[in-house]
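What follows is calculated from the coordinates using simple rules that are stated; it is not laboratory data. Everything quoted here is computed from the prediction, not taken from an experiment. All Cβ positions, glycine included, derive from the backbone under ideal geometry; neighbour counts span all protein chains shown.
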Amino acid sequence: MTRKVLVVDDDAAILEVLAMRLGAMGFDVTPVGEPRRALDVAAAQRFDLALIDLRMGPMDGVQLMEALHAQQRRLPVLIMTAHGTIDNAVQAVRRGAFDYLTKPFVRDELRTKIERALTTRRWARDRERLLTVGQTLASSGIMERVLDSVAQATVEATEAERCVVFQLERGRLVPMASAGSPPPSWEALEAAAATAMEKGVPITSSAGGDGEVGTIVAAPLVVQRGPTGALVIETPTRVEPTEDDLELLALFSSQAAIAVRNTHELERLRSGALAALGRMATQVAHEIKNPLAGLRLYARHLEQRLSRAGDTEGQELASKIAAGVEHLADVVAEITAFGRPPELHRAPTNVHTLLDECLELAAARFDTTALEVVRGWDPTCPEALMLDARELRKAFLNLIVNAFEALGGSGRLGLMTSYATDSGTITVTIEDTGAGMSDETISRAFDLFYTTKPDGTGLGMSIARSVVQLHGGELTLQSRLGHGTRVQVRLPVVAP
């Protein structure tokens, strides 16, 4: 696409010469003879470069440059000056101009400085954004975090109004990350994403509607066998994406695809490891379960004998032994549960009643006097769904207990539901204002035996997700240090 150049000079002859020369070099030139008019023009469209005369009135070239940078902060500016005012031009460079040109213009100098300005702008912009996304990908490995970074970097690099990353899930496109202003029409962006996935290459289309509109550009996210989503941007009104924008969009879509591919690969590896662990867990549990039962009985018997003998110190030791055995028994029980995923026994279940029970059970373990617990039940949710209440009770109870522990005795816990008729799902959100999690903790939250609790087993989150997946749903986790944690469970609605 043709690069757009804004030329501002109060000398009509200079404007005419530059328009001819730059036009011959293949640029789309907008000549303007008055500084304030240039600001109006720049507000209506985006430029790749500006050539500004240093001495103009009532606004000089430096003042105009700074005003233009307030509108388009990455716009490279070349200051035009006569030989007698080179010192002033140098000062302009120090204040933000890319370089200066001396009058009368030399063709080679004009071409060289313009090309260098455009190339430097492109590489500085691309390197900065790609470095940011690459660092996020390398440091976190969390798909949601990487996709958020991709969306934000795309908006900043292409100067788009908005960016949305779509991913294909169960046959429909779902927005996984977004940046910029909210879209006036999700349908238009989703349609562009579907078209890009179908064609397998970046596509452009009009944003639609009446009057002056922007442009939608979509690049497919290609993972292994084919497109699994799309990266979509929408440009401001009357701004046409350049070839650089399309190339950059393709680079960012590849970064997003890497995040998706890594997640899929991790899930594949985890599934194989979990299957092997399940077989091993069954054998280990069989060998340990009976001896533990005997140790538990002996420890309790010893504690009772020492109590009757009045040996307080010995009784405390026996009590600690019994508590340790109980903990080991709980670990074995959880490993057994994980190693042998249960068969679901679905029955008509009221989700809100089930969540109320879990909340009461969890709250009974903590001092909630300084806590704010907020329920938000969606009244449109069906009263009875075909679920395994026993298994989901274990999953929800674990998640709610985690939230209470994260709050540390003060803060807010929110428990909400939302019912989506179009997708046929109910979403349960458990949100706390606790300490939040680091990137490492988030990335390992579902790893077996990984825990940040002194007495934790590291199996609770894995078991919760396993139960949700057995129901055909999904469990997602979002958290930031100092900003709390949000867990969402999406379950397909199966009516009785």
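Taking a ≥ b ≥ c as the square roots of the eigenvalues of the Cα gyration tensor, an a/c ratio below 1.5 marks segment 4-126 as rounded. Here the scattering of segment 347-492 is modelled by Debye summation over its C-alpha atoms, one equal scatterer each and no solvent; at q = 0.14, 0.16 Å⁻¹ the log10 of I(q)/I(0) is -0.64, -0.85.
For segment 347-492, the relative contact order works out to 24 percent when only alpha carbon pairs closer than 8 Å and six or more residues apart are counted.
P(r) for segment 342-420, from all Cα pairs and a bin width of 10 Å, is 18, 47, 28, 8 %, short bins first.
Could you give the size of the charge dipole of segment 8-92 about its Cα centre, using +1 on the Cβ of each K and R and -1 on the Cβ of each D and E, expressed in debye and rounded to the nearest 20? Display every interim value, and only then the final one.
Numbers: 7 positive and 12 negative charges, 61 e Å.
It works out to roughly 300 debye.
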